[in-house]
Amino acid sequence: MALYRYVKATKSKKMFRSFAVSFLLMGTGGLLVLWVAWPIISFSLFSEGFLSKTVSPVSDVSTQVKAPQAFSPVAFAADSASTVGVVDYTNPNVWFPTSPQKKVVAPVNSYTLSIPSLRIKNAQVVIGGDDLSKSLIHYGGTSLPGEFGNAVIFGHSTLPQLYNPSNYKTIFSELPSMKPGDTFTIFYDGISYTYTVFDLVVVDPTDLSVLEQKYDDSYVTLVTCVPPGTYWKRLNVHARLKRV
């Protein structure tokens, strides 16, 4: 017949287990906070200083735009429209209230964008669209691809850890990693145009200079929010048409 002996755990062992569980939970929580915060911290420390510039707005009216102050760990949340007091950044029409985009009536109302360095392939760009969760948006009223002037394309961003190049809610999350010399391709109205990046600039949300039109060449500006996971500032990636 087997005999069993039960030994009551001492008080010190119970306390050790309790402390161990507490430290484990706190450590896990700390790592989660660091996981969310590190892209923001690293961008602010290592990238923003190199990219930030003082850019003159198109007009003094740009200062009338109220910049959002709230923080979102995942910028442009899909349900932001239903959140009281939160600006719906899935709608590009709220980005520049004093310079709303124009509705464009044309036989071709969309085109595709491919950025090899970001693994973005044939992403749809809707001209004058109003839902950034479903496509990239070509800001209505800016020049079209291949034309002289500046075509402005807006896209979602979020934490880089959540990046998915085929998901329009995260599609521009890695845009800050682009550098001068990188190229991307736009296929518009049956013609393929290749653009070369020549400058990256971080500006305030009130800065309307991104909409400025220069007609000495054909330009494209890719726009998203930075630091990653916030909508505190804007990253403008400027590119010029590559001539054959």
ask   = What size of dipole, in debye to the nearest 20, comes out for segment 154-244 about its Cα centre when the only charges are +1 on Lys and Arg C-beta atoms and -1 on Asp and Glu C-beta atoms?
value = 180
note = In order over segment 142-150: 3J(HN,Hα) from phi, Karplus 6.51/-1.76/1.60, θ = phi - 60°, whole Hz, x for each Gly or Pro, gives 8, 4, 8, x, x, 8, 6, x, 10
task = Using DSSP to define loop residues, name the chymotrypsin sites (Phe, Trp or Tyr not before Pro) in segment 142-244 whose beta-carbon has at most 12 other beta-carbon atoms within 10 Å.
result = Tyr215
query = Mind listing the phi-derived Karplus ³J(HN,Hα) values for segment 196-205, rounded to whole Hz, using 6.51, -1.76 and 1.60 with θ = phi - 60°, and x for any glycine or proline?
reply = 10, 5, 10, 6, 10, 9, 9, 10, 6, x
key: Estimated distance in nm for a label pair at Leu162 and Asn91, the labels positioned 7 Å out from Cα along Cα-to-Cβ   = 2.1
ask   = Can you give the Rg and Dmax of segment 89-216 based on its C-alpha atoms, in angstrom?
value = 14.0, 39
For segment 95-112, Karplus couplings with θ = phi - 60° (6.51, -1.76, 1.60), whole Hz, Gly/Pro x = 5, 10, x, 7, 9, x, 6, 9, 6, 9, 9, 8, x, 10, 10, 7, 7, 10
request  = Consider a paramagnetic label point 7 Å from the Cα of Thr196 along Cα→Cβ; state which residues of segment 202-244 have an amide N under 18 Å from it.
outcome  = 216-222, 237-244
ask   = Given labels modelled 7 Å from the Cα in the Cβ direction, how far is it in nm from Ala106 to Asp204?
value = 3.2
key: Among Val201, Gln161, Gly190 the positive-end extreme of the charge dipole of segment 153-214 (Cβ point charges)   = Gln161
5 angstrom amide H check on Gly141, placed H, neighbours 5+ away = Lys102
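Quick note: the coordinates plus some simple rules give every number you see, no bench work behind them. Predicted, not measured: the structure shown is a model, and the values here were computed from it. Neighbour counts are summed over all protein chains in view; Cβ atoms, including those assigned to glycine, are modelled from backbone coordinates with ideal geometry.
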